[in-house]
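The values are calculated or read from the model by the stated rules, or taken from the named source; none is laboratory data. The shown structure was predicted, so the numbers you read here are calculated from the model rather than taken from an experiment. With ideal geometry, Cβ positions are generated from the backbone for all residues, glycine too; neighbour counts draw on all protein chains shown. For accessibility, only protein heavy atoms count, side chains too; no ligands or nucleic acids. Shrake-Rupley method; radii C 1.70, N 1.55, O 1.52, S 1.80 Å.
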Amino acid sequence: MVGISKHFDAYTLRARVVPALMAGLPTLAFLFLIIPWDHFSVSQAISATMAIILLVAFADLARNLGKKAERKLGTRATPEFWFRDDGTIDSVSKDRYRSFVASKLHIQAPSAQDEISDPAYAKQFYSSAGNWLRDQTRDYKKFRILADELFTYGFRRNLFGLKPVALSLNVIVLGLCLIAMTLPLPVELPALQSSGRLVIAIIAVILHSAFMIFAVNKEGVREASRAYGIQLILSCETLMASTTGIPRGQAKSARSKQKP
């Protein structure tokens with residue numbers, strides 16, 4: 001059980017398993033529709049076990065396809081927010097964060113002139129800064145807001161990666177429902193002989209397909225990526241407070257008292 005729980009941590013559940021469930025919902029519903037549940041037998045137990053195995057495999061597929069979508073869209077890594085000409089985060093905070101991360105990386109941070117004359121080097125430094133921050137902020141309880149943004153991004157990215165698979169499965173389920181409604185079946189499946197249930201399944205497939213087409217898109221992934229990137233940089237505040245030993249609230253209060 002301990003080994004299984006490691007494969008279903010908070011991130012896996014919210015960013016991989018849930019997208020897998022949402023993407024394959026009509027297919028799973030159709031599979032449960034064709035299995036008679038008025039009595040329990042070995043076939044039901046086998047079907048339930050196979051459903052769990054397929055869910056784990058589908059969750060892993062969600063991760064792989066999500067990674068491919070990430071590389072294609074160029075999301076998650078947001079070094080552009082560090083540049084001085086980007087106003088997403090105030091310049092005063094970024095100056096402090098830049099100096100802090102540079103001291104941890106033991107590399108001189110790019111100057112304003114460096115960002116203009118050698119933007120490639122500056123981008124590499126800020127990408128390295130992001131990698132360091134991700135490694136330092138793996139405590140989901142301590143960095144709860146950052147974790148929530150990461151889960152949201154992972155959910156949207158993986159669901160977007162599963163979009164072609166989900167729509168393809170919906171076409172298959174829709175075709176099977178139409179066949180069951182119009183042609184005699186070689187096997188007796190009472191659930192498939194109920195036109196009412198098949199109509200409900202068809203409506204579910206159409207609504208699910210509309211959701212996947214219109215609601216699951218690149219813009220949603222990019223928006224989640226931006227929100228995560230911003231919060232990742234802001235996590236410097238907590239890391240700096242931990243380094244100095246001064247609580248974050250007291251540190252802000254002290255800085256405000258020093259102002260004339």
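General remarks:
- Stokes-Einstein D for segment 67-225, Kirkwood Rh over Cα pairs, 4 °C, 1.567 mPa s (µm²/s): 66 µm²/s
- Å² of accessible area per residue within segment 49-99, as computed with a 1.4 Å probe and no ligands counted: 57 Å²
- Note on LEU105/ALA215: beta-carbon distance plugged into 1/(1 + (r/R0)^6) with R0 of 45 Å gives a FRET efficiency of 0.70.
- For ARG98, ARG76, the ranking by accessible surface with the largest value first comes to ARG76, ARG98, using a 1.4 Å probe.
- Converting phi to 3J(HN,Hα) with the Karplus coefficients 6.51, -1.76 and 1.60 and the offset θ = phi - 60°, segment 100-106 yields 5, 5, 4, 5, 6, 7, 6 Hz in sequence order, with x at every glycine or proline.
- Residue-wise HN-Hα couplings along segment 17-30, as the Karplus relation 6.51 cos²θ - 1.76 cosθ + 1.60 with θ = phi - 60° gives them from phi, are 5, 4, x, 5, 5, 5, 5, x, 4, x, 5, 5, 5, 5 Hz; Gly and Pro carry x.
- Apportionment of accessible area to carbon and sulfur, segment 104-175, percent (1.4 Å): 56 percent
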